[in-house]
1. When the stretch A:235-256 is examined, which residues are found to be within 8 Å of chain B (Cβ to nearest Cβ) and either out of contact with any helix residue (DSSP H, G or I) (no Cβ under 6 Å at 6 or more places or on another chain) or surrounded by 17 or more Cβ atoms within 10 Å (Cβ to Cβ) (or both)?
2. Does residue A:320 meet the test of being farther than 26 Å from residue B:350 by Cβ, over 21 Å from the mean Cα position of the chain (by Cα), surrounded by 13 or more Cβ atoms within 10 Å (Cβ to Cβ) and within 7 Å of another protein chain (Cβ to nearest Cβ)?
3. What helices (runs of 4 or more DSSP H), lying completely within the stretch B:301-412, carry at least 3 residues that are closer than 26 Å to residue A:272 by Cβ and touching a helix residue (DSSP H, G or I) at 6+ places or on another chain (Cβ under 9 Å)?
4. Look at the stretch B:191-206 and say how many of its residues are in contact (Cβ under 8 Å) with a residue 40 or more places away in the chain and crowded, with 24+ Cβ neighbours inside 10 Å.
5. In the stretch A:185-201, is there at least one residue being buried (at least 19 other Cβ atoms within 10 Å of the Cβ), within 30 Å of residue A:117 (Cα to Cα) and modelled with pLDDT of 90 or more?
6. Looking at A:299, A:223, A:329, A:218, which is the one that is in contact (Cβ under 8 Å) with a residue 60 or more places away in the chain, more than 8 Å from chain B (Cβ to nearest Cβ) and surrounded by fewer than 18 Cβ atoms within 10 Å (Cβ to Cβ)?
7. Kindly indicate whether any position in the stretch B:265-286 is more than 14 Å from chain A (Cβ to nearest Cβ) and either touching a helix residue (DSSP H, G or I) at 6+ places or on another chain (Cβ under 9 Å) or under 12 Å from residue B:324 (Cβ atoms) (or both).
8. For the stretch A:192-210, indicate whether the set of residues that are farther than 25 Å from residue B:371 by Cα, more than 14 Å from chain B (Cβ to nearest Cβ) and out of contact with any strand residue (DSSP E or B) (no Cβ under 8 Å at 6 or more places or on another chain) is non-empty.
C-alpha cells in the first residue's frame, strides 16, 4: 500500500464514497437511491441521529453520486457549529443557493450540506427557512443534526427526515474486522468486543480507537492495548474534577474546572456532557447514586441553557457534588 | 410612625446662631456685620459649598436679632423688574412696625439666596438691579452663593463683604448626628455615623438626610446599613459591594445593597461565585448558597438586555445566597480579579493553538471543531506519540510547533 494512503486518519480512508459502499442503514440507502435515479425529485433532506452513525458519510456519498469526482465544485459544506451565525446564513449560504447551476450537466441544483445544524441559533434557522424556500429551484439542502427537535418546525416540514440509530453491535464488529484486514492487522476478538463496547454505537469513535491501538504494536491489536487506548482517551481532568468534588474538596475541583476551560476551551455544556458520561462509568457508585447525581446534572444542564454564565452553573453543580459526597460519608459512618 | 413624617433637616434646622456647627469665623464676621450699622459695606455675600449652613445662618440670625426676612431665591424670577418689585419696597423703609411697640422687629432684611443661580436671559438685568438696591438700601442685604467666581457676579463682589464658608469638619458632623440619634431614639454604631459623615464631605444637610433614610426602617443603624450609602461623588466599588454583600445580616439588607450599588451584574455574579467557598466552609451551606447563586444567574439570563423588570428577582435570589447562615461569617480576603478572567488570560495562547489544530482536523475529516477536540485530539495525540509517522502530520497539515504542542499537552 502506498505510504501516502497509510497516513490518513482511517475514518476518512474508509469512509464510503458512494451509497452502495455504505453497509448497514439498508432502508435509508434504498430510499436515497430512489432519489438518485431522478435527482430532480430529491427534496431537502434532514439526517438526524447520534454521532458516528453515518450521517455525514451519507451526505458526502450523495454528493458523490450526484456530481461524481467534481462534487466539491457543486457542494457547499459547512459545519454549522463553527459557522452558525446568521451572517453565515445570509452571506455564504444565500449566495451559494441563489446561483443557478442549471448549465452544468443533468443536475439542476447545487448541494448545501449543513453539518451539526442543531447548533444553529434561532435567528439563523429562521433565516435559513426562507432561503430553503426561495432557493429550492437552484439548490438542495442536506441538514445534519443530532436532535431534530432543536430544529424549528418550519424547516423540519420542508425536509424528508431520515433517522439514524446507533450502529448495530455486530455491524460495528464486522466493520472493524474489515478495516483491520485491509490494514494487515490481526484484531483479536476480545479486542473487537472491547472497542465496540467502548464506542457505544459510535463508529467514528470505534475506528479512531482501533487506529490508535494499532499504533502501539506492529500488526496486532489485543485487549490489553485497547484498554490502554481507552484509558488514554478518557477525559482524565473531568474525572479528577468529579472525584475532587465528591471527596469534598470543592476548591480543588473548581481549580480543575478552570484548567479544563482555560487550557482546552470547552464550553460549559460540553463539560457537563462529559461529567454525565463519566459518572456512569464510575464503578464505585451504586446505580441509585448514579441516578441521584444524574438528576443533579440534569437540573444544572437545564439552568445552563437559561443562565448567563456557565462557570457559575458548573461551580454550583460541583458544590452539589461536594454536598452529595459529604452526606455519603456520613451515611457510611452511621452504619 | 409619626417621626418620619417630617424631614429631619427641617426638624433640626438651627434655631440660634450657636446651633450652627462649624464655620466659627464666618459666623462671627457675619454677626458683627449685622450688628454694626456703620459698616462700610451695606451688603454681604456668603459663599461656600452646599449644606454648610449659609441659609441656616441667615435664618437663625434673623430670629436672634429680630429681623423680618424678605427672601428671593432661585425659584423666583429675578429679572430687573422682579427685583425692583419685591426688593425695592422691602429695602426702602426701616422698622415701620416698631410704631406699635408690640413686636420687637428691627425691620426688614433682604435675603437673596442662590445668587449664582441668576439666569442670564430670564433674569435679565437682575444683577445690576441688585447692585442699585444695595446702594440705596436702608436695610441689610444678604446674598448667598456656592460659587462667587461666576463672571456675572463679579460686579456684586465690589459692593459686598465676602464671607467664606468651608466644609464642616467630620467630627462636628458626627457629634451632631449622635445628638439627633439620641433625640430620635436611634441606636447607631459609631462607625456607621462616621461613614455617613465622611461620605457627606462636609455637607451637613446631606449627612442628616442620609441618617434619616438609613434608619427609617428600624431604630438601629449598623455599619452594614451604610454600605448601601450612595456616595454622592463616587460609586460603590466592587470590593465595597462584595464586603457589604457577604457581611449582610439579612436578605433585605443584601438586597438593598445590591439595588444601591451600580457594579456590573455579570462581574459581580462571577466575583460572588469566586468567593462563595471562602464564605461557606460547610459543604451543605455551600451547596445551598451556590444553588441560589445559580438561580440568580438564571434570572440574569432571563433579563438579557431588555427585561429589566426581572432585576428584583435577581437581587432577591442573590441576596438569599448572602444569608444562608448568618452565624458562620468570618472575615476573609477576597479573590479578585475573577478567576475566570485570570485563567482565560494566561491560557489564551494554548486555546488558540488547540483551536487551529482542531480546525485543520475538521477540514480533513468533515467534523466541527468541537467534535475534532473531543473525538480526534485524544487519539491523534497517542498516535503521534507512538508512531512518529510524519505522514499523518503532513496530511493534517500540522506545523512542527503544533506537533510539539500536542505532545506536551496534558490530557483533558
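1. A:235, A:236, A:237, A:238, A:248, A:250, A:254, listed by residue number.
2. So residue A:320 passes the test.
3. Working: elements: B:311-322, B:339-346, B:348-365, B:377-386, B:390-396, B:400-408.
Correct list: B:311-322, B:339-346, B:348-365, B:377-386.
4. 2
5. Checked against the condition, which is being buried (at least 19 other Cβ atoms within 10 Å of the Cβ), within 30 Å of residue A:117 (Cα to Cα) and modelled with pLDDT of 90 or more, the stretch A:185-201 yields at least one hit.
6. Going through A:299, A:223, A:329, A:218 in turn, just one is in contact (Cβ under 8 Å) with a residue 60 or more places away in the chain, more than 8 Å from chain B (Cβ to nearest Cβ) and surrounded by fewer than 18 Cβ atoms within 10 Å (Cβ to Cβ): A:329.
7. No, the stretch B:265-286 has no match at all.
8. We begin by selecting, within the stretch A:192-210, every residue farther than 25 Å from residue B:371 by Cα; these are none.
Checking the stretch A:192-210: not a single residue is farther than 25 Å from residue B:371 by Cα, more than 14 Å from chain B (Cβ to nearest Cβ) and out of contact with any strand residue (DSSP E or B) (no Cβ under 8 Å at 6 or more places or on another chain).
The values are calculated or read from the model by the stated rules, or taken from the named source; none is laboratory data. All of these numbers come straight from a predicted model, not from anything done at the bench. Backbone-built Cβ (ideal geometry, glycine too); neighbour counts: all protein chains shown.
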